[in-house]
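Read through the structure below, which is laid out as structure tokens, and then see the notes.
The values are calculated or read from the model by the stated rules, or taken from the named source; none is laboratory data. Note that the coordinates shown come from a computational prediction; the quantities given were computed from them, not determined experimentally. Glycine also receives a Cβ, built like all others from the backbone with ideal geometry; neighbour counts cover every protein chain displayed. Note: accessible area is taken over every heavy atom of the protein model, side chains too, but ligands, DNA and RNA are not part of it. Shrake-Rupley method; radii C 1.70, N 1.55, O 1.52, S 1.80 Å.
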Amino acid sequence: MDGTDLARRMVERTAERARDLRERTGVVPCLATVLVGEDPASVTYVRMKRNRCAKAGIESRHIALPGTVGTAELVDTIGALSADPAVHGILLQHPVGEHIDERAAFDAIAPEKDVDGVTSMSFAAMSFGLPGFVSCTPGGIMRLLDAYDVELAGRHAVVVGRSAILGKPAGMLLLARNATVTYCHSRTRDLAEIVGQADVVVAAVGRARLIKGSDLKPGAVVVDAGYNEGNVGDVDFEGALERASLITPVPGGVGPMTIALLLEQTLDSAERAAAA
Ligand code: NAP
């Protein structure tokens, strides 16, 4: 499943919408990015997201905070962005550091600006099937599955990983589409046996090649959201090719979709603000 190509088409469409919004209303969509500390991977992710914004005609406003910042100051910073009418979306790059209450920081994002889909409100909306923003990586996964016409209703989806930004919401979105969902995590016994029952596997762990080709049921659809050192996913790609009917490459699968959805949801928010 080619995420690069689908994401490129999504970003083109978002750029058209941004141009149209600017011409019609003068509103320039704006994404605020908040980075705590200088973790190299996080710095790279934020830079990639801002570059992609620029290509799509979305302004980005970057706030870099020192790694020593506390929860209260971070919450205040995000609260100010939430209240700023020129800002349409807020991205707080994860992780923010052990000493910070990350949930409190995420929940300081106004739900109508939560274009990365990380607040408790957004999770509830995803879980209850209410309007709201979806978490970008799980949302990107769903768009990829839809683009390849993967049937989900009644099929067994196994999500490996249960983080708040990836595994858990991915399972909720699959459940909303009537898949039978099993979550696996670090305490799961017999992971390979459970993965072997899956029609659809979503790997969201962060352990290189944890899932082997021989674990998979023949014909399974495999989505590898993992990204590990050396451009390696959570699934052994070569081994999986022998059994999977569809599989996402790493890189070029889920990663680009995540950014494409972030931009699309920023446009949704800007359009809504302009219409209000
Ligand atoms: P995380 O917060 O560290 O969560 C990892 C999850 O994997 C946890 O639920 C953990 O279980 C589970 N786990 C750990 N070891 C396991 C094992 N041996 N067997 C089964 N489950 C195990 O990570 P995350 O933020 O969700 O990210 C996961 C991966 O996705 C990473 O590689 C990350 O780089 C990648 N990612 C990619 C994108 C993208 O845009 N492509 C976006 C976000 C993340 P416990 O809950 O029991 O600890």
Answer residue from the range 193-211, given it is more than 10 Å from the ligand (Cβ to nearest atom) and open to solvent by 50 Å² or more (accessible area, probe 1.4 Å) and is nearest to residue 254 (Cα to Cα) among those: 209
Within the range 214-228, tally of residues that are more than 10 Å from the ligand (Cβ to nearest atom) and open to solvent by 20 Å² or more (accessible area, probe 1.4 Å): 5
Close pairs from the range 151-171: first within 16 Å of the ligand (Cβ to nearest atom), partner acidic (Asp, Glu), Cβ under 9 Å, at least 6 apart: 157/199; 158/199; 160/234; 161/234; 164/102; 165/116
Contacts under 9 angstrom Cβ, first residue in the range 68-90 being part of a helix (DSSP H, G or I), partner loosely packed, with under 13 Cβ neighbours inside 10 Å, 6 or more apart: 71/99
Test: residue in the range 89-100 that is buried (at least 21 other Cβ atoms within 10 Å of the Cβ) and away from the ligand (no atom under 16 Å from the Cβ): yes
Count of the range 136-169 residues which are surrounded by 24 or more Cβ atoms within 10 Å (Cβ to Cβ), farther than 12 Å from residue 200 by Cα and of a type in the set (Val, Ile, Thr): 1
Search result, residues across the range 236-248 that are more than 19 Å from residue 152 (Cβ to Cβ) and surrounded by 17 or more Cβ atoms within 10 Å (Cβ to Cβ): 236, 237, 240, 243
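Here is a yes/no grid of residues against (1) more than 17 Å from residue 93 (Cα to Cα); (2) open to solvent by less than 30 Å² (accessible area, probe 1.4 Å):
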{"residue": "18", "(1), (2)": "yes, yes"}
{"residue": "37", "(1), (2)": "no, yes"}
{"residue": "45", "(1), (2)": "no, no"}
{"residue": "50", "(1), (2)": "no, no"}
{"residue": "53", "(1), (2)": "no, yes"}
{"residue": "68", "(1), (2)": "no, no"}
{"residue": "77", "(1), (2)": "no, no"}
Sole exception among (1) in a loop (DSSP other than H, G, I, E, B); (2) within 25 Å of residue 225 (Cβ to Cβ) for residue 47, by number: (1)
Residue that is surrounded by the fewest Cβ atoms within 10 Å (Cβ to Cβ), among those in the range 101-135 that are part of a loop (DSSP other than H, G, I, E, B) and touching a residue at least 40 places away in the same chain (Cβ under 8 Å): 129
Selection within the range 244-276 - more than 9 Å from the ligand (Cβ to nearest atom) and within 16 Å of residue 202 (Cβ to Cβ): 244, 245, 246, 247, 248, 249, 261
Pair list, Cβ under 8 Å, 6 or more apart: the range 244-258 residue at positive phi, other residue open to solvent by 10 Å² or more (accessible area, probe 1.4 Å) and assigned to a loop (DSSP other than H, G, I, E, B): 252/2
